[in-house]
1. Kindly provide the helix-only [θ] at 222 nm of the chain, computed as the sum of -39,500 (n - 2.57) over DSSP H runs of four or more divided by all residues, to the nearest 500 deg cm²/dmol?
2. By its C-alpha gyration tensor, with a ≥ b ≥ c as the square roots of the eigenvalues, how is the chain shaped: rounded for a/c under 1.5, else prolate for a/b larger than b/c, else oblate?
3. Can you quote the Å³ per residue value for the convex hull of the Cα atoms in segment 144-272, rounded to an integer?
4. Probe of 1.4 angstrom, ligands and nucleic acids ignored: what's the accessible area per residue over the chain, in square angstrom?
5. Computed over the Cα atoms, what is the radius of gyration of segment 162-228 divided by 2.2 N^0.38 Å, N being its residue count?
6. Rg and Dmax of segment 208-326, using alpha carbons, in Å: what are they?
7. Going by average Cβ density within 10 Å per residue, which order do the peptides 86-94, 375-383 take, highest to lowest?
8. How large, in percent, is the carbon and sulfur part of the accessible surface of segment 24-136 at a probe radius of 1.4 Å?
Amino acid sequence: MFSKYLAVFNNRRICAAMLLGFASGLPLALTGSTLQAWLSDAGLDIKTIGWFTLVGQPYTWKFLWSPLVDRFPMPFLGRRRGWILITQIALAAVIAKMSGLDPQTHLATFALMALLIAFFSATQDVVIDAYRTEVLQPEERGAGAAVGVFGYRMAMLTSGAVALILADGILTWEQTYLVMAGIMATMAIVTFFSPEPVLQTKPPLSLRSAIIDPLKEFFSRDGAWILLALVVAYKLGDAFAGSLSTKFLLDMGYSKSIIGQAYKVFGLVATLVGGFAGAILMLRWGLYKSLVIFGILQALTNLGYWLIAIHGAPDIGLLLFAISTENLAGGMGTTAAVALLMSLCNPNFTATQYALLSALTAFGRVYVGPASGYLVTAVGWSHFFVISAAIALPGLALLFVLRKTIYKLDQ
């Protein structure tokens with residue numbers, strides 16, 4: 001019986017979702033933490049390195065040019081794969097170009113290359129999200145979300161931890177980035193052999209329709225505004241609990257190395273296990289029941305941090321319990337949330353609608369930080385985590401209101 005649920009992972013569409021998830025995640029650290037390490041080794045001051053964080057802006061604004069992806073398909077490899085191939089070739093070329101630059105003597109060009117990597121990476125994300133939404137069957141969305149997250153995380157380890165290890169005496173920074181460019185280039189082979197979606201849709205007839213029609217189509221649906229509220233609210237409690245978690249654990253007396261190991265080892269493993277477990281359970285329960293149960297678990301596991309707060313003294317076992325359970329539930333919730341976004345997209349406007357919806361899911365993660373700081377100051381850590389669990393309740397209430405709509409999405 002268990003093998004029946006595992007069978008969903010055994011096809012070309014799921015394999016493509018995982019490998020393209022890897023392609024999506026690979027460039028991120030190359031303009032983030034890994035880039036900062038290179039700049040630091042090159043002797044740049046902290047102010048200059050701080051300015052370099054702005055090269056990641058394309059990830060925030062990618063929805064602005066997503067209509068272009070819907071409107072103008074490439075004349076090869078279908079509506080989506082042609083765009084993916086172009087962005088991957090561009091990424092490999094720009095990363096390779098960057099590997100030949102000295103940040104000390106070519107700082108402006110170096111910054112431009114970093115910005116271009118972020119731009120092409122964000123564009124690749126738009127197209128891969130659209131492709132995954134179109135190529136997967138409805139019953140495969142949970143599995144596709146899980147393997148996509150797995151591939152993405154493995155890529156971040158490759159361009160993050162592995163790149164740092166390579167640059168620490170094995171290779172130079174220039175050689176390390178050239179290796180990353182080579183890995184990126186191999187992703188083009190994956191794209192070439194990935195399957196085409198069965199359902200072929202025509203692109204919008206004009207750029208105006210590519211911008212206006214996706215919004216018009218979405219807001220013509222019953223309960224459209226409530227659906228958008230659900231997209232924002234579903235993981236809002238999680239966002240509150242996680243926004244200041246490192247600061248909280250430091251205040252509780254845990255060392256930076258213990259916190260780092262707990263998150264990178266136990267947190268990562270729990271997230272991946274949660275993602276795959278969520279995908280399997282979604283096959284049995286369906287989208288609505290999975291969203292409800294995973295949402296409840298997300299809220300309850302926030303209370304693991306509350307236990308740490310009331311315990312007071314550092315306790316490694318309690319720390320590992322809190323991080324593991326929170327990330328396990330978070331992995332399940334993310335799988336269901338991504339499946340929800342895929343099911344909400346009209347195939348005619350997948351790139352634009354998914355980019356807009358995914359931007360809304362990031363709302364909590366980006367903007368709750370300041371509010372969290374004031375809330376902790378006002379009520380203290382223990383009450384803060386109880387409130388973060390309560391903040392998850394409106395999302396669960398919206399699920400109940402939209403239950404008929406979500407059941408239809410799952411058919």
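The values are calculated or read from the model by the stated rules, or taken from the named source; none is laboratory data. This is a predicted model, so every value here is computed, not measured. No Cβ is skipped: glycine too gets one built from the backbone with ideal geometry, and neighbour counts run over all protein chains shown. Note: accessible area is taken over every heavy atom of the protein model, side chains too, but ligands, DNA and RNA are not part of it. Shrake-Rupley method; radii C 1.70, N 1.55, O 1.52, S 1.80 Å.
1. Dividing the helical sum by the residues of the chain leaves -24500 deg cm²/dmol.
2. Judged from the Cα gyration tensor, the chain comes out oblate (a/c at least 1.5, b/c at or above a/b).
3. 211
4. I get 45 Å² per residue for this part.
5. Segment 162-228 yields a ratio of 2.02.
6. 18.6, 59
7. 86-94, 375-383
8. Its accessible area is 69 percent carbon and sulfur atoms.
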